[in-house]
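One structure is given below, encoded as structure tokens.
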Amino acid sequence: MLLFALGFLFIILQPSSGQFPRVCANTQSLLSKECCPSWDGDGSPCGELSSRGSCQNILLSQAPLGPQFPFSGVDDREDWPSVFYNRTCRCEGNFMGFNCGECKFGFSGLNCTKRQVRTRRNIFQLTTSEKNKFLAYLNLAKHIPSQDYVIATGTYTQMNNGSNPMFRDISVYDLFVWMHYYASRDTLLGGSNVWRDIDFAHEAPGFLPWHRAFLLMWERQIQRITDDENFTIPYWDWRDAEDCGVCNDEYMGGRHPTNPNLLSPASIFSSWQVICTQSEEYNSQQALCSATSEGPIRRNPGNNDKSRTPRLPSSADVEFCLSLTQYESGPMDKMANYSFRNTLEGFADPQTAISNPAQSSLHNALHIYMNGSMSQVQGSANDPIFVIHHAFVDSIFERWLRRHRPMLEVYPAANAPIGHNRENYMVPFIPLYRNGEFFKPSRELGYDYEYLQEPALESFQDLLTPYLQQARQIWAWLVGAAVFGGIVTAVLTGLIRTCQKKKGGTSSEIQPLLIESEDYNNITYQSNF
């Protein structure tokens, strides 16, 4: 009944963030290279009549890239999204969205003026009702078609440069699986040739901002399809875990009784079908993932290659990682040493911060440990554990931002691998977001983590309240005592001065105000309240 009721809601929802807006997935938009849809509120492109935004030329970064990708003009993702569109909506103020019909992350209200900060919580601290609701929301997203977005099933060249659009519908959950695939897929070079050393979401500075934006968009989409504006992604704190604590039917699915590579039939996730997992087949066909079903979720936690990932991450690993002061270093890829990003991503040793791609630690360790769908980069988001895992990775990123308080300039402006410079637009998001826009504290983006929350000002005021109330009750006595004390002090001072005069001395030895200037400057004043 819950799923039925929730399912009805998606019909009336507003747009959210994603990949190709449905209204722009047509010949006219592709040939004109313009994606500036009308906002329903006033019927004008980008809500221009309501001062929400306007249709503008895309401003691409001209900063030089690193040497990792030696090609130009062979991949639709280069200078995203200019191969498909060079004019999109540029929103004003706190407005956001492909048609400026939404509020920026952290804002709400009719005119997007209300500040909001929601709290992401530990999945093990959710009540049974809250946990079951989260699982139901996941299942709903898997089965509801996205109203606002479609995916590309062919490259721009295969679309005959826009005159033959190749798009298809997809569910809300699978939309995000496909976006993760698309950002990390290999470059198709023609024939049977591909270039594998390319990834717009991993192995470079954009890894953490990209996944931060990805989770925010996913979270908002769930809020919309469920009409639950307070929904937040729970996180799985896996520090010092001895096994997969969420791999049971109460949470993310237990082990199948007869096939250890599959999920228990008692889990709702056992019926899920994965997409975008057969990268070698796509490469051999020079094709994109078309999001057709490719079998059930596979997971066999703990039965992974121990030589590559001998254990799950420890608290000490996380603390060492947080101590690193450099966000990025050297080549700014998986060979970077002493890089917080590379160490947290898992390509550097969590005890030395020296690059060691043969080992998988921290973030990467969890993927390898799951030994299944999550262990292959392009299709890893198929497993719903992906979401709660990355929420915790993001919380570690947040801890680093709060501890070191980096300026935006700390994020590399140039010479990073393709797509990872500060001003590059993230692939494949429309509306457009730059990497640097998510290199900021989470509270500025409208969310916090339960275990990171600092005592609020209100709590400090609550602490002082009883004392202030007591002070009010005896205020009259305090004033009276102060007045009486002042009178007594004045009388005593007068008597002392009279006695001093009667003793007859006015020499400099007994006049307290006659002090040499250099001695005056050396006096230390103390005040005791």
Rounded to the nearest whole number, the Stokes-Einstein translational diffusion coefficient of region 242-282 at 20 °C and 1.002 mPa s (Kirkwood radius, C-alpha pairs) in µm²/s is 188
Non-local residues with an amide H under 5 Å from the amide H of residue 194, with H modelled 1.01 Å from N and Pro and chain starts lacking one, are 189
Quick one: 3J(HN,Hα) in Hz for region 223-237, Karplus 6.51/-1.76/1.60 with θ = phi - 60°, rounded, Gly and Pro as x.
4, 6, 6, 10, 6, 10, 5, 9, 5, 9, 6, x, 10, 10, 7
Arrange the peptides 344-355, 318-329 so that the one whose residues have, on average, the most other Cβ atoms within 10 Å appears first.
344-355, 318-329
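Assign one of three labels to region 22-452, namely rounded, prolate or oblate, based on the Cα gyration tensor with a ≥ b ≥ c the square roots of its eigenvalues; rounded applies when a/c is under 1.5, prolate when it is not and a/b is larger than b/c, and oblate otherwise. If you can, show how the numbers build up before the last one.
On the way: a/c = 1.28, a/b = 1.24, b/c = 1.03.
Verdict is rounded for region 22-452.
Does region 193-252 classify as rounded, prolate or oblate by the C-alpha gyration tensor (a ≥ b ≥ c root eigenvalues; a/c under 1.5 gives rounded; else a/b over b/c gives prolate, otherwise oblate)?
Since a/c reaches 1.5 but b/c is at least a/b, the shape of region 193-252 is classed as oblate.
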Once amide hydrogens are built 1.01 Å from N within the peptide plane, the residues lying 5 or more places from residue 151 or on another chain with amide H under 5 Å from its amide H are 168
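Net charge around residue 182, counting only other residues with Cβ within less than 13 Å of its Cβ (Lys, Arg = +1; Asp, Glu = -1)?
-3
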I want to make sure I understand the PRE zone here: with the label point 7 angstrom from the Cα of residue 71 toward its beta carbon, which residues in region 403-423 have backbone N atoms less than 20 Å away?
416-421
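Taking the Cβ of residue 158 as the center, what net charge do the other residues with Cβ under 14 Å away carry, scoring Lys and Arg +1 and Asp and Glu -1?
Numbers: positive: 168; negative: 75, 76.
Spelling it out: positives minus negatives among the neighbours equals -1.
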Between residue 168 and residue 128, with labels modelled 7 Å along Cα→Cβ, what's the label distance in nm to one decimal, could you check?
4.1
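How large is the convex hull of the Cα atoms of region 331-418 per residue, expressed in Å³ as a whole number?
Working: hull volume 9.7 nm³, N = 88.
Output value, Cα hull per residue: 110 Å³.
Considering only the other residues whose Cβ falls under 13 Å of the Cβ of residue 292, what net charge follows from Lys and Arg at +1 and Asp and Glu at -1?
Values: positive: 168; negative: 169, 174, 281, 294.
Here the charged neighbours net out to -3.
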Expected unfolding gain across residue 450-residue 155 under the 0.36 nm per residue rule, minus the alpha-carbon gap, is 102.0 nm
Can you list the residues, at least 5 places off or on another chain, whose amide H is less than 5 Å from the amide H of residue 66, using H built in the peptide plane?
415, 416, 418
If you bin the C-alpha pair distances of region 92-169 every 10 Å from 0, what whole percents do you get?
14, 21, 32, 24, 8, 1
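Laboratory data are not the source of any read-out in this text; all were calculated from the coordinates shown. The structure presented is a predicted model; accordingly, all values stated were derived computationally and were not measured. Positions of Cβ are generated from backbone atoms using ideal geometry, with glycine treated the same way; all protein chains shown enter the neighbour counts.
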